[in-house]
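S.K.: Got a structure for you, questions after.
Taken together, the values in this text are just the output of simple stated rules run on the coordinates, not laboratory data. Computed from a prediction, not measured in an experiment: that's the story for all the values here. When we count neighbours, we look across all protein chains shown, and the Cβ atoms used for this are built from the backbone with ideal geometry, even at glycine.
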Amino acid sequence: MLPNPYTPGGRPRVFVGRDDERRALRDRLARVIAFGEMAGPLTIVTGPRGLGKTSLLRDVADQAAVDGFVVVWAAGVKRQPVLRDLAMKVRSALERADVLDSPHTRQRFKELGVRFHLGVASVEAKFGPAADADASAAVALTDIEDLLFEASNAVRRRGGAGLLIVLDELHAPLDPRSGSDHSPDPAALRDVALLMNAFQNMDAERERFPLAVVGAGLPQTKSLLTRAATFGERTHETILSELDENTSQAVLVEPARQLGVTWRDEAISAAVARADGYPQALQVIGAAAWETARPGTGGEITLSDVERSSAEVDAQMGSMFGARWDVATGYERRLMRAMAELEGDIVARRDIAERMGVRSGDLGVARASLISKGIIEPAGHGSLRFTIPGFDAFVRDRGDD
């Protein structure tokens, strides 16, 4: 039997689609390659979980490495500061790329690392009176800029294109501290604010920094960044949505084709309709149908294979839905149930409140929490929708537990 080419919950083996988004990100990197200057302000890719944000950035990062970039990949952690981790990731990436090849360069980075960590510690120690906080933040800000200046130019001097920093899960450090306290952790907020200020300052002197910074996060990421630093509103945002029908077909067909296996037309139609444009569902459906068909080279996946694997797809999607349901509070579940019982994918906030027997303003805290958890998202003024196709049916089927 051929190996299963689909990867539920993981990075797809064959990346298909998102051509416009890939082109836009690579165009920004081309500026670094051609001119040796910063690619522009922070660029973020946003969208609900499961739409392929990380996969898109991995694809771009892989191509960037081929083009001569040293890639630094860092992922935000819930309510945790980010600067120390980023500094260590920068040094590790340079060491792996053998950029720190001379004693002078290694010593310079050792000094910068010590200075950087002392700067962060100084901010932590003195973050109190306004004057001390401002002075300490200024020292830390200078250290960030110096570190990234030296790192990006060290790559350029060795003949590389520059430095690419990828910040995944960029919303996570700024997540609310609790269900009742919607403010972020102060240390995490400070780190993100310092990073945003550093990126802003470096972009103003872009010819000094052969550097690109891209990030990914949930739909609220840009708003969270703007709260951390007001000019976060200048962040360039690329918003991902569900895949169209042709791309959804290609996501299923292309991995099989590379192994000499085809999908029957009626099978691909049924699978695409079931996934409703959701990339993670396409991987789940593809993997389940493949395991049922167990094709060899020259084999095919039929409508019968898709139908017979339906129970496995239900189980896997139900597990995903259940994980989201379990993190919701009782009041949040009431809100989701009201949403699920209303007609249409997009429902008005006032209709949700009416069904729950409360005022529209009473939904604010639960609404914000569910958006932060990636379960629902705004869908126009005063409207909401679930972020995963099929979640409404899952909620309706649960009954009044």
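S.K.: How high is the relative contact order of the chain, given as a whole-number percent (alpha carbon pairs under 8 Å, six or more residues apart)? Write down the numbers at each step before the final one.
M.R.: Numbers: 630 pairs, mean separation 85.1, N = 401.
Normalised by residue count, the contact order of the chain is 21 percent.
S.K.: Let me ask something else about it. When semi-axes √(5λ) of the Cα gyration tensor in Å is calculated directly from the model, which label among (i) 40, 30, 16; (ii) 35, 25, 19; (iii) 32, 25, 18 fits?
M.R.: Correct label, based on the coordinates given: (i).
S.K.: Now a separate question. GNM, the chain, Cα, under 10 Å: largest mean-square fluctuation among A315, A87, A267?
M.R.: The residue with the greatest mean-square fluctuation here is A315.
S.K.: Sequence-distant or interchain residues sharing an amide H contact under 5 Å with I44, placed H: which?
M.R.: Excluding prolines and chain starts, which carry no amide H, the hits are G215, H236, E237, T238.
S.K.: Ranked highest first by the average count of other Cβ atoms within 10 Å around their residues, in what order do 287-296, 375-384 fall?
M.R.: The densest-packed peptide leads the list: 287-296, 375-384.
S.K.: Could I ask something else about it? With springs connecting C-alpha atoms under 10 Å apart, model the chain as a Gaussian network and identify which of D276, D175, D20 has the largest mean-square fluctuation.
M.R.: In this elastic network of the chain, the residue with the biggest mean-square fluctuation among D276, D175, D20 is D20.
S.K.: With 10 angstrom as the radius, rank M88, M1, M202, M38 by how many other C-beta atoms surround their C-beta, starting from the fewest. Let's see the in-between values first.
M.R.: Working: M88 15, M1 10, M202 20, M38 26.
Listed from fewest to most nearby Cβ atoms, that is M1, M88, M202, M38.
S.K.: Have a look at L342, L170, L25 and tell me which one the Gaussian network model of the chain (Cα, springs below 10 Å) gives the largest fluctuation.
M.R.: Answer for the Gaussian network model of the chain: L342.
S.K.: Kindly provide the helix-only [θ] at 222 nm of the chain, computed as the sum of -39,500 (n - 2.57) over DSSP H runs of four or more divided by all residues, to the nearest 500 deg cm²/dmol?
M.R.: Dividing the helical sum by the residues of the chain leaves -18000 deg cm²/dmol.
S.K.: Taking 0.36 nm per residue of separation and subtracting the Cα-Cα distance, what length does fully extending R208 through E312 add?
M.R.: 32.0 nm
S.K.: Identify the residues of the stretch 206-242 with backbone N under 20 Å of a label point that sits 7 angstrom from the Cα of D27 along the Cα-to-Cβ direction, or state none.
M.R.: From the stretch 206-242, the list is 211-216, 234-241.
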